[in-house]
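Presented below is the structure to which this report refers.
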Amino acid sequence: MRCTYRTKMTCSSEIRFDLNGNVVSNIEFIGGCNGNLKAISKLVDGWTVEEISSKLMGNTCGYKPTSCADQLAKAVTSEYARLNK
């Protein structure tokens, strides 16, 4: 299933990704640091929600209390929970 998540407090405005069970793929960030976010998307492609959450949750960017990586972890966690109610 294709999911869309509106980010908060980051340079990227949106994250799009596919969720098949608990496996995340085809991650696309809208806005943000293009090269870094393409790299993150490639590195975690095919990871589970749990793997992404455990590695990226809580990562910050500069003085902000979140980051695009943290927002990805929140996005996949919340969408997985929403779909599995």
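Filtering region 29-54 to residues that are within 17 Å of S78 (Cβ to Cβ) and not β-branched (V, I, T) leaves F29, W47, E50, E51, S53, S54. Scanning region 1-13 for residues that are surrounded by 14 or more Cβ atoms within 10 Å (Cβ to Cβ) and either assigned to a helix (DSSP H, G or I) or polar (S, T, N, Q) (or both) gives T7, T10, S12. Inside region 1-22, can you point out the residues that are over 12 Å from the mean Cα position of the chain (by Cα) and of a type in the set (A, V, I, L, M)? M1, M9, listed by residue number.
Regarding region 60-81, can at least one residue be identified that is without any contact (Cβ under 8 Å) to a residue 24 or more places away in the chain, open to solvent by less than 80 Å² (accessible area, probe 1.4 Å), β-branched (V, I, T) and in a loop (DSSP other than H, G, I, E, B)? Within region 60-81, one or more residues are without any contact (Cβ under 8 Å) to a residue 24 or more places away in the chain, open to solvent by less than 80 Å² (accessible area, probe 1.4 Å), β-branched (V, I, T) and in a loop (DSSP other than H, G, I, E, B). Residues that are open to solvent by 50 Å² or more (accessible area, probe 1.4 Å) and not in a helix (DSSP H, G or I) within region 38-57 comprise D45, W47, M57, listed in sequence order. For region 14-37, the criterion of being crowded, with 16+ Cβ neighbours inside 10 Å, in a helix (DSSP H, G or I) and touching a strand residue (DSSP E or B) at 6+ places or on another chain (Cβ under 9 Å) is met by at least one residue.
The values are calculated or read from the model by the stated rules, or taken from the named source; none is laboratory data. Model, not experiment: these values are computed from the prediction. Every residue, glycine among them, receives a Cβ derived from its backbone with ideal geometry; neighbour counts consider all protein chains shown. Side chains included, ligands, DNA and RNA excluded: accessible areas come from the protein's heavy atoms. Shrake-Rupley method; radii C 1.70, N 1.55, O 1.52, S 1.80 Å.
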